[in-house]
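Novice: Below are the structure tokens for one structure; questions will follow.
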Amino acid sequence: MTPKKRRRLAFAVAIVVATAGAATLVLGALKQNILYFYSPSDVLAQHVAPGVAFRIGGLVEKGSVSHGKGADVRFTVTDGKHQVAVDYDGVLPDLFREGQGIVAIGKLDPRGTFEASEVLAKHDEKYMPPEVVDALKRSGHWKEGGASS
């Protein structure tokens, strides 16, 4: 192999190694910023580990909202098949109420309770977050026209 070919080969190998390193760094950084969406059934089926941040969505189960000290609120999110208890310490959105669709951001604690850092409620009478609609359709609890059972 001539010295010129050896230099070209070394240059090509260096580019491949640098590209692989850069891709690894980018993917590692993105992985920390991704928030997956799960329905209550998905949370139970996929055994989401405690401490992993994600979004959960569904309907606020009727009769499940209880207020604690200060702004502490506990409620249950359901997709019609399974339920997940949610603890939230903060001011709830004005449109938050039982039977309505919500999306919460947070993580599970070791007991399996979802510790929400943010709760988002639908913004009008007809809108439902697309992820919640898909989860309710998968569970068989979605009726066309936006009403759920």
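Novice: How big is the convex hull of the Cα atoms of the stretch 44-102, per residue, in Å³?
Specialist: Once divided by residue count, the hull of the stretch 44-102 is 92 Å³.
Novice: May I ask you to list the residues of the stretch 77-117 whose amide nitrogen lies under 18 Å from a point 7 Å from Cα along the Cα→beta-carbon direction of Ala49?
Specialist: 106-115
Novice: Further question: Along each of the three principal axes of the Cα atoms of the stretch 13-88, give the extent in whole Å, ordering the values from largest to smallest.
Specialist: Here the Cα extents, ordered largest to smallest, are 63, 31, 17 Å.
Novice: How big, in percent, is the set of alpha carbon pairs in the chain lying more than 20 Å apart?
Specialist: Here the tail beyond 20 Å accounts for 56 percent of pairs.
Novice: What is the angle, in °, between the Cα long axis of helix 130-139 and the longest principal axis of the Cα atoms in the chain? Nearest 10 is fine, range 0 to 90.
Specialist: Here the helix axis deviates by roughly 70 degrees.
Novice: For Cα pairs less than 8 Å apart in space and 6+ apart in sequence, what is the mean separation divided by the residue count of the chain, i.e. the relative contact order in percent?
Specialist: 19 percent
Novice: How much length, in nm to one decimal, is gained on full extension between Gln100 and Lys62, taken as 0.36 nm per residue of separation minus their Cα-Cα distance?
Specialist: Extra length from Gln100 to Lys62 when fully extended: 12.8 nm.
Quick note: the coordinates plus some simple rules give every number you see, no bench work behind them. What you are looking at is a predicted structure, and each value in this text was computed from that prediction instead of being measured. Backbone-built Cβ (ideal geometry, glycine too); neighbour counts: all protein chains shown.
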